[in-house]
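Visitor: Quick one: the structure is below, and I'll ask about it shortly.
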């Protein structure tokens, strides 16, 4: 739990809507929300659980010193670019994002990355949740988009089935 996670909007929004935002706090030493990501989340409806969490002070805030050209050339959104730029600034930071293009950029930059699914799998392995498949079902209901094949393969590795039984 010595990692610092730089978290994008999608994991925050889906985990908050499903009632599992606390997993980020329990699994990472620090959960950092770039200011660009916070702006995106705070633009949501006043009733949005993610917006409420940020308004109540959830997550640390930071802005990258700059967005390097090697990130800008990917043409990502402001939030994804800020997550990657902050992850590049110091070693020991992991980018937490679900966007495929941003994940490809992170891989090209050799940054450690996690998606929401990996967060849930880590939570299950740490004993923080009794069933990863049930949490994933709640996350899909909250709007997280992951295909059945990906879920089935990931959950089989930890001895669970998809869809949940």
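Only the coordinates and a few stated rules stand behind these numbers; no lab work does. Since the structure is predicted, the reported quantities are computational estimates derived from the model, not experimental observations. In this analysis, Cβ positions are derived from the backbone assuming ideal geometry, glycine residues included, and neighbour counts consider all displayed protein chains.
Visitor: With r as the distance between the Cβ atoms of residue 61 and residue 152 and R0 = 25 Å, compute the FRET efficiency 1/(1 + (r/R0)^6) and round to 0.05.
Guide: Numbers: r = 37 Å, r/R0 = 1.48.
Calculated transfer efficiency: 0.10.
Visitor: By per-residue mean of other Cβ atoms within 10 Å, what is the highest-first order of 41-52, 97-108? Display every interim value, and only then the final one.
Guide: Numbers: 41-52: 15.2, 97-108: 17.8.
Most protected by this proxy first, the peptides run 97-108, 41-52.
Visitor: Between residue 161 and residue 47, what is the FRET efficiency for a Förster distance of 30 Å, r being their Cβ-Cβ separation, to the nearest 0.05? Please report the intermediate quantities before stating the final value.
Guide: Values: r = 34 Å, r/R0 = 1.12.
After rounding to 0.05, the efficiency reads 0.35.
Visitor: Please sort 119-130, 14-25 by packing, taking for each peptide the average over its residues of neighbouring beta carbons within 10 angstrom, highest first. List each step's numbers first, then the result.
Guide: Working: 119-130: 17.0, 14-25: 20.5.
Packing proxy ranking, top to bottom: 14-25, 119-130.
Visitor: Which number comes out as Rg/Rh for the chain once both Rg and the Kirkwood Rh are worked out on C-alpha atoms? List each step's numbers first, then the result.
Guide: Working: Rg = 15.2 Å, Rh = 16.0 Å.
Here the Rg-to-Rh quotient is 0.95.
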